[in-house]
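Enquirer: This is the structure I have questions about; it appears just below.
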Amino acid sequence: MSDSLPDRLSTNPKSPYYDEELLKRGIGIRFKGVEKTNVDEYCISEGWIRVAAGNARDRFGNPLTILLKGPVEPFLRDSQEG
């Protein structure tokens, strides 16, 4: 597998942008220069991340999310450790 990351990635298995093998490798996200650990989905080209809004849930039991706009920099955690 190459070290290039997709433009858009989601942690939700129901999403078309979900990639289990890539998520197992460990993805880190820097948003506006700060590393975030609670990102559910990101898009580099559109410049946004989606994060959970506290413990709030919708009527189907899914967490409510907030869309935040700004520069997004994903990186592989396993390549950073070594």
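The values are calculated or read from the model by the stated rules, or taken from the named source; none is laboratory data. On a predicted model such as this, the values are computed, not experimentally measured, just so you know. When we count neighbours, we look across all protein chains shown, and the Cβ atoms used for this are built from the backbone with ideal geometry, even at glycine.
Enquirer: Please determine whether any residue of the range 42-50 is β-branched (Val, Ile, Thr) and more than 12 Å from the chain's Cα centre (by Cα).
Expert: no
Enquirer: Something else about it: What is the number of the single condition among (1) touching a strand residue (DSSP E or B) at 6+ places or on another chain (Cβ under 8 Å); (2) in contact (Cβ under 8 Å) with a residue 24 or more places away in the chain that residue 32 does not meet?
Expert: It is condition (1) that residue 32 fails.
Enquirer: Restricting attention to the range 17-31, report how many residues are at pLDDT 95 or above and not in a strand (DSSP E or B).
Expert: 1
Enquirer: Scan (1) in a loop (DSSP other than H, G, I, E, B); (2) within 17 Å of residue 73 (Cβ to Cβ) for the single condition residue 50 breaks and write down its number.
Expert: Only one criterion is unmet by residue 50, namely (1).
Enquirer: Out of everything in the range 36-82 that is loosely packed, with under 11 Cβ neighbours inside 10 Å and of a type in the set (Asp, Glu), what residue ends up being farthest from residue 18 (Cα to Cα)?
Expert: For the range 36-82, the residue satisfying everything is 81.
Enquirer: Could you list, in sequence order, the residues of the range 1-24 that are among the charged types (D, E, K, R) and surrounded by 15 or more Cβ atoms within 10 Å (Cβ to Cβ)?
Expert: Listed by number, the residues that qualify are 8, 19.
Enquirer: Does any residue in the range 53-82 that is over 24 Å from residue 7 (Cβ atoms) and modelled with pLDDT of 90 or more come within less than 8 Å, Cβ to Cβ, of a residue that is in a loop (DSSP other than H, G, I, E, B) and not basic (Lys, Arg) six or more places away or on a different chain, and which pairs are these?
Expert: Qualifying pairs under 8 Å: 64/58.
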